[in-house]
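Here the structure comes first, spelled out in structure tokens, and everything after it is commentary.
What follows draws every value from the coordinates through simple rules; no lab data is involved. Keep in mind the model is a prediction, meaning the values are calculated, not measured. Note that each Cβ is placed from the backbone with ideal geometry, even for glycine, and that neighbours are counted across all protein chains shown.
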Amino acid sequence: MSEEKKCSGNCESCSSKEKENCALNETLGRIKHKIVVMSGKGGVGKSTVSVNLAYALALAGFRVGLLDVDVHGPSIPKMLHLEKYQLEAAGNGKILPPEVAGLKVMSIGFMLENPDDPVVWRGPMKIGVIQQLFTEVEWGELDYMVIDCPPGTGDEPLTVCQTVKDKGGNAVIVTTPQQVASSDVSKSVNFCKQMQFPMTGLIENMSGFVCPKCGEITDIFASGGGEKLASSYGITFLGKLPIDPEVCKGGDEGRPFAYYRSETPVGKAFAAAVEKIEEVLS
Ligand SMILES: Nc1ncnc2c1ncn2[C@@H]1O[C@H](COP(=O)(O)OP(=O)(O)OP(=O)(O)O)[C@@H](O)[C@H]1O
Ligand SMILES: [Mg+2]
């Protein structure tokens, strides 16, 4: 087997593929953990969990990046109030990720001229763009990169998992308490198993409703589906995040809940999930 070359992608004698691989390895080597947030089901809160986990990690003192690879529905620019952000180049020609309260952010959404235009890209195009989001962005040294994926097990999660597998890549699976969600989410768990991609754990989002008046939590969907799913697959249960209208408002207004409301039950649940993630990864 040939020994893996260590260079920064500028080596004259390398082919362009070798240069790409070198640049990718160099970038990935500077980011310790890559947490891929995924779910077989749409709308369960992957983007909400990604943004808030990233902030909870940053609040815990880590250097964190947030990468949005949802080609067809990037939500991160809106959730961080970066809809109008114009990309800038760093001194070395790479893309400079905007920093929001210490968090480095990159989204395919920043590359679209009009956020309401549909993206019509076939698989190979998506794969190329996603890999460039690693190599062409000035991420620097990070402890964690949180990667928000679209629902399902298509090109985007597949490309991300293949890219970061055996290079500090781990999945966080998001589900909601209902059984119908659990059966869709099982597909993501099995996808990771088939790829032999490690799973840090599973989060149950929208687990009970926090009354805005009295703060009491009511289970409006069935409860415990996430915990059962996690134990049936032998993966760590990272906790339950209740439905809180303020979480939704924070997402719409670009004010991440875990950052602005860290003292609330949902804020504390994110902090507790981060502690478990740290435990699993250490
Ligand atoms: N715990 C919560 N409490 C209240 N609202 C929530 C909660 N989690 C998510 N939401 C809201 O639910 C909606 C869907 O969440 P989000 O966009 O994060 O889901 P998603 O899984 O990323 O969706 P998609 O599959 O389309 O990418 C958003 O409006 C979000 O603000
Ligand atoms: Mg999303």
- Total charge of the residues flanking GLY215 in space, meaning their Cβ is under 13 Å from its Cβ, with Lys and Arg +1 and Asp and Glu -1, is -1
- Any aspartates and glutamates whose Cα falls less than 12 Å from that of LYS167, other than same-chain ones fewer than 8 residues away, would be GLU26
- Helix 265-281 versus the longest principal axis of the chain: what angle, 0 to 90°, nearest 10, using Cα atoms? 50 degrees
- Query: Which cross-chain or sequence-distant (5 or more) residues have an amide H under 5 Å from the amide H of MET145, H modelled 1.01 Å from N in plane?
  - Reply: HIS33, LYS34, ILE35, GLY65
- So, for the Cα atoms of the chain, Rg and Dmax in Å stand at 18.6, 67
- Task: Would you calculate a helix-derived [θ] at 222 nm for the chain, using -39,500 (n - 2.57) for each DSSP H run of n ≥ 4 and dividing by the full residue count, to the nearest 500?
- Result: -12000 deg cm²/dmol
- Could you please state, rounded to a whole Å, how far the C-alpha centre of the stretch 59-102 is from the C-alpha centre of the stretch 171-200? 26 Å
- Task: Express as a percent, rounded to the nearest 5, the fraction of DSSP beta bridges in the chain (both residues included) that run antiparallel.
- Result: 15 percent
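By count of other Cβ within 10 Å, fewest leading, how are MET106, MET111 ordered?
Values: MET106 25, MET111 15.
So the residues, fewest neighbours to most, are MET111, MET106.
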- Query: Under the Karplus relation 6.51 cos²θ - 1.76 cosθ + 1.60, θ = phi - 60°, what is the ordered set of whole-Hz ³J(HN,Hα) values for the stretch 224-235, x standing for Gly and Pro?
  - Reply: x, x, x, 5, 5, 4, 4, 6, 5, 9, x, 10
- Note on the structure: Total charge of the residues flanking VAL129 in space, meaning their Cβ is under 14 Å from its Cβ, with Lys and Arg +1 and Asp and Glu -1, is -4
- Between 0 and 90°, nearest 10: helix 123-135 axis offset from the chain longest Cα axis: 80 degrees
- Message: On a straight-distance basis, which aspartates and glutamates could pair with LYS228 in a cross-link, Cα separation under 18 angstrom, same-chain partners fewer than 8 positions away excluded?
- Response: ASP184, GLU204, ASP219
- Helix 16-29 versus the longest principal axis of the chain: what is the Cα-based angle in degrees, 0 to 90, to the nearest 10? 40 degrees
